[in-house]
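Worksheet: the structure to be examined is printed underneath.
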Amino acid sequence: MPDLLPLARIAPCEVEALLDAAFGTDRHRRTAYRVRAGLVPIDTLSFALVEDARLIGCVQCWPVQLDRDDGGALPLVMVGPVAVAPDRQGWASAAH
């Protein structure tokens with residue numbers, strides 16, 4: 001049975017390897033990476049799914065804001081990336 005852990009407990013290189021496997025090594029060109037540039041994920045909302053000491057999934061949440069026309073800002077939480085190891089994608093639906 002997989003364990004849900006705080007993502008902060010996972011080595012960053014493992015997270016990067018999972019993201020590369022799930023989305024490709026060119027993933028950094030996506031707009032979401034520009035939006036998140038210079039930010040740190042919210043630890044209390046970012047999780048890892050680990051099974052047999054292997055990272056098989058993760059979700060990160062980021063503090064962002066929407067600048068309003070009136071000069072104010074609306075704080076938001078950006079969800080993603082949500083990654084699943086390629087060999088585990090579709091696993092739940094296939095098991096039923």
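Key figures
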read-out: Cα centroid of segment 38-78 to Cα centroid of segment 1-29, whole Å; value: 14 Å
read-out: Pairs of Cα atoms farther than 20 Å apart, the chain, %; value: 43 percent
read-out: Label-point separation in nm, ASP70 to ALA37, each point 7 Å along Cα→Cβ; value: 3.0 nm
read-out: Label-point separation in nm, ALA53 to MET1, each point 7 Å along Cα→Cβ; value: 2.2 nm
read-out: Amide H contacts of ALA85 (H built 1.01 Å from N, under 5 Å, at least 5 apart or other chain); value: GLY57
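Every number in this text was worked out from the coordinates using simple rules, so none of it is lab data. Here the structure is a predicted model, which means the values were calculated and not measured. With ideal geometry, Cβ positions are generated from the backbone for all residues, glycine too; neighbour counts draw on all protein chains shown.
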